[in-house]
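Everything on this sheet refers to the single structure shown next.
The values are calculated or read from the model by the stated rules, or taken from the named source; none is laboratory data. None of the values given here were measured: they were computed from a predicted structure. Positions of Cβ are generated from backbone atoms using ideal geometry, with glycine treated the same way; all protein chains shown enter the neighbour counts.
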Amino acid sequence: MKFTPKYFMVPNTADIFRNSIHINGKVTRELLHRIILLSGSGLSPWALQRDPLFVKRRVAEHTGCHGDLLKDDMAPCLRLTQLNQLLSVSVDPPRFLPGFAPFIDGTILLNPTTPPPATNSPTVATSAGYELADFPERDLLFTLTSTESYLDLSAQDLEFGFNETRRDRILRTYVRNSYYYHLNEIFSTLKNEYTDWEKPVQNPLSVRDATLEVLSDGHTAAPLIRIGYLHALRGGKTFFLHFLHQSGERDFPQVRKHMYIRK
């Protein structure tokens, strides 16, 4: 993988900044020349709506556009609904999961219908997510910031930090809503790997920093890097950008200060 400014300087081509779930759609597949993924991919737990019928039911209840949830198209009714009523619809999804989001509809977004290709590459190259990196003929630039989870915590938590009990509640909620199996094992592993065991006493700010790291890695960094890795294994030109700068004027705390470039 590599990064070069020339990536942005190719004339007569079209780039797309978005989530990777749309890249291999039937409509968009042949229209794109290069892909830029910014802080997210189709493998992130917040990228896809797992229960679209739940969202459709909530919208129907709020707007009065009732009908068969499986068969009826709500669009004609929604077009006649007042804008302020549409904007006031609240889905209230589980924490760390999306409300209004794309879903596998069988038309624009398809479930993979073929098994992973036979290869001598490591197992990761043919496991879950391989179909989202199936565009080796197009260049990919994926980019991250050092912390991708500021919006997951409240302003008070970001400013003052919190204790290990609150951290455990946050991590248990994240694991329960993001995974299906081996929840206790995943929670224990995250807690162990993201605890600084060299410090016998954890202060609230260090607990906050570790929690930000595990959430950033879990729902954004690891899925995005996986897409880049799978794309590179398929022979695609893959570029990576890590945005380090953090402004001195901000409403959130400095985390891992040595990693940022100051003005």
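Some observations on this one:
- Close pairs from segment 49-68: first surrounded by 15 or more Cβ atoms within 10 Å (Cβ to Cβ), partner at pLDDT 90 or above and small (Gly, Ala, Ser), Cβ under 8 Å, at least 6 apart: His62/Ser88
- Residues satisfying the stated conditions in segment 189-208, i.e. surrounded by fewer than 18 Cβ atoms within 10 Å (Cβ to Cβ), in contact (Cβ under 8 Å) with a residue 40 or more places away in the chain and not hydroxyl-bearing (Ser, Thr, Tyr): Asn203, Pro204, Leu205
- The lone criterion from (1) of a type in the set (Gly, Ala, Ser); (2) buried (at least 19 other Cβ atoms within 10 Å of the Cβ); (3) assigned to a loop (DSSP other than H, G, I, E, B) left unmet by Gly235 is number (2).
- Checking Ser127, Ser154, Ser188, Ser149 one by one, the residue that is modelled with pLDDT of 90 or more and within 24 Å of Ile36 (Cα to Cα) is Ser149 and no other.
- Test result for Asp73, over 29 Å from Gly218 (Cβ atoms), of a type in the set (D, E, K, R) and either in the same structural domain as Phe142 (by TED's automatic domain parsing) or at pLDDT 85 or above (or both): yes
- The listed residue being assigned to a helix (DSSP H, G or I), without any contact (Cβ under 8 Å) to a residue 12 or more places away in the chain and either more than 21 Å from the chain's Cα centre (by Cα) or crowded, with 16+ Cβ neighbours inside 10 Å (or both), out of Ile227, Ile186: Ile186
- Unique residue being surrounded by fewer than 15 Cβ atoms within 10 Å (Cβ to Cβ), at pLDDT below 55, touching a Ser or Thr at 6+ places or on another chain (Cβ under 9 Å) and closer than 21 Å to Gly235 by Cα when the list is Lys26, Lys2: Lys2
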